[in-house]
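The values are calculated or read from the model by the stated rules, or taken from the named source; none is laboratory data. This structure is a prediction, so every number in the text was calculated from the model and none was measured. FYI the Cβ positions are ideal-geometry reconstructions off the backbone, even for glycines, and counts take in every protein chain you see.
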Amino acid sequence: MSTLALRALLAFLDAGQFVLCQQFIYNNPAKLPGPAQWVTVERIRVKDSYSHLWWMSSTDRPKATNRRILQPYSESMLKLFETKKYNAGSRPSEHHIGKTSFFRKHKGAIPSNVITLANTQASSAYLNYCRSKNLTLHPARMPIGLAEFFIKFLTKPGDLVLDPFAGSNTTGAASEALRRKWISITDLRQLALSYRKNSDERVRRATDGQRDAAVNRLETEIESDYLRDFLTTYEVPNHRLIKKVNDALKTVIVKKFQPTLKAKINKLVVSLYLVKDMSPNDPYVIIESTESETSVIVIINLAHPHWSQLTNAESIANFIRHCTYDGVSEWKAYFATGEIHPDTVKLIKDNLLRIPLRLEGAPVRQ
């Protein structure tokens, strides 16, 4: 289990001189079991279904009221109001419950700091718009109910809500519906660059300095003790076990989610899944390319640490392209030659990687 989130919290509190007002738990009961090796194969862990949410402020008494987020009373509480019977007196927790403490009926029950919401929405204004315009769906969307909870709790109509990491703008949509002003920030410069056609050399091609920096960084990684220790101590599992784990995870994902992208190439259907409800310890990509002559399935793990290193639209597009073309190349090699030989796969993928440049009108060296 990674402690990165906890260390990040402490760093935020220290750097911003913030007060931690309260910790919340977002529980997603529909989250996939993971890491699959530990949970579904070896059965030595249970399903991880929650995420931490931390409410920080510059003061320990920020503007907030739970009266705006009251929940319907439970059936048992409604029955208590009706019968006016319950066990009054002292509790082991040293609380004292008066004989009439629960007789007063308010507008609802105060919620706990555990927020349970499934994130399996198949239809929404955002989803329908993206599909109608053939736009790629944002891979890490949060349920709008999560944004609504905190917007209602911490603001009132007319207040301004800022989301510095807008993504699919769920926060903006919730704020608009709740009559709040809102500002959502995303990396518009990188987004614009990723869609520009025939941009100049500074944009389209890495400079010598950038290439040198990348090579130096890679050299540091390759010569690090971490990599050396990994190659020395890592025990490679049997390939049948790896396939069993990946097949189990793939089956759950394909059954539970709709593909983020589904495209047809002649008789071949390529189904791409960008899945955030996986474990950071699950594989960065799962590919099924040899089960059917008409299907390739590519599943990319958005919870994998590598995904967080992709900082702009171009790097994300290239990563997704490489994973997808790995699957298509394996499929072509297998059904054309009867085997997946590394050199054959690389040759096919080499040709596939030239296609995007042809589509954009850029010269391709043969």
Looking at region 70-84, is at least one residue acidic (Asp, Glu) and either in a helix (DSSP H, G or I) or at pLDDT 90 or above (or both)?
-> yes
The lone condition THR170 fails out of (1) within 20 Å of ALA125 (Cβ to Cβ); (2) of a type in the set (S, T, N, Q); (3) at pLDDT 95 or above is (3)
Of the residues in region 154-177, those that are crowded, with 18+ Cβ neighbours inside 10 Å and either assigned by TED's automatic domain parsing to the domain that holds LEU302 or over 27 Å from THR136 (Cα atoms) (or both) come to LEU154, THR155
Restricting attention to region 100-119, which residues are assigned to a loop (DSSP other than H, G, I, E, B), in contact (Cβ under 8 Å) with a residue 12 or more places away in the chain and within 23 Å of SER90 (Cα to Cα)?
-> SER101, PHE102, PHE103, LYS105, ILE110
Just give me the residues in region 16-45 being part of a loop (DSSP other than H, G, I, E, B) and either within 19 Å of ILE253 (Cβ to Cβ) or among the hydroxyl-bearing types (Ser, Thr, Tyr) (or both), in sequence order.
-> ASN28, PRO29, ALA30, LYS31, LEU32, PRO33, GLY34, PRO35, ARG45
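Being of a type in the set (S, T, N, Q), part of a loop (DSSP other than H, G, I, E, B) and closer than 15 Å to PHE153 by Cα is the filter here, so list the residues in region 59-69 that pass it.
The answer is THR65, and nothing else.
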Answer yes or no: is there a residue in region 314-332 that is closer than 27 Å to PRO139 by Cα, of a type outside the set (Asp, Glu), in a loop (DSSP other than H, G, I, E, B) and at pLDDT below 90.
-> no
Somewhere in region 35-45, is a residue free of Cβ contacts under 8 Å to residues at least 60 places away in the same chain, of a type outside the set (Asp, Glu), over 26 Å from VAL275 (Cβ atoms) and surrounded by fewer than 12 Cβ atoms within 10 Å (Cβ to Cβ)?
-> no
Return the only residue of LEU53, LEU117, LEU80, LEU137 being surrounded by 13 or more Cβ atoms within 10 Å (Cβ to Cβ), outside the structural domain of LYS255 (by TED's automatic domain parsing) and over 30 Å from ILE320 (Cβ atoms).
-> LEU80
Checked against (1) free of Cβ contacts under 8 Å to residues at least 12 places away in the same chain; (2) surrounded by fewer than 10 Cβ atoms within 10 Å (Cβ to Cβ), ALA125 satisfies every condition except (1)
Conditions: (1) assigned to a loop (DSSP other than H, G, I, E, B); (2) under 18 Å from LEU4 (Cα atoms). THR311 meets all but one. Number of the miss?
-> (2)
If you check every pair at least six apart or on different chains, which have Cβ atoms under 6 Å apart with a residue in region 262-273 that is free of Cβ contacts under 8 Å to residues at least 60 places away in the same chain first and a residue that is basic (Lys, Arg) and assigned to a strand (DSSP E or B) second?
-> SER271/LYS262
So LEU261 fits all but one of (1) within 29 Å of ASN27 (Cα to Cα); (2) in contact with a helix residue (DSSP H, G or I) (Cβ under 7 Å, 6 or more places away or on another chain); (3) among the aliphatic types (A, V, I, L, M); (4) modelled with pLDDT of 90 or more; what number is the exception?
-> (2)
Go through region 273-300 and give me each residue that's assigned to a strand (DSSP E or B), small (Gly, Ala, Ser) and surrounded by 21 or more Cβ atoms within 10 Å (Cβ to Cβ).
-> SER289
Those residues of region 57-85 which are free of Cβ contacts under 8 Å to residues at least 60 places away in the same chain and of a type in the set (Ser, Thr, Tyr) amount to SER57, SER58, THR59, TYR73, SER74, SER76, THR83
Identify all residues within region 120-145 that are out of contact with any strand residue (DSSP E or B) (no Cβ under 9 Å at 6 or more places or on another chain) and in a helix (DSSP H, G or I); write none if there are none.
-> ALA125, TYR126, LEU127, ASN128, TYR129, CYS130, ARG131, SER132, ILE144
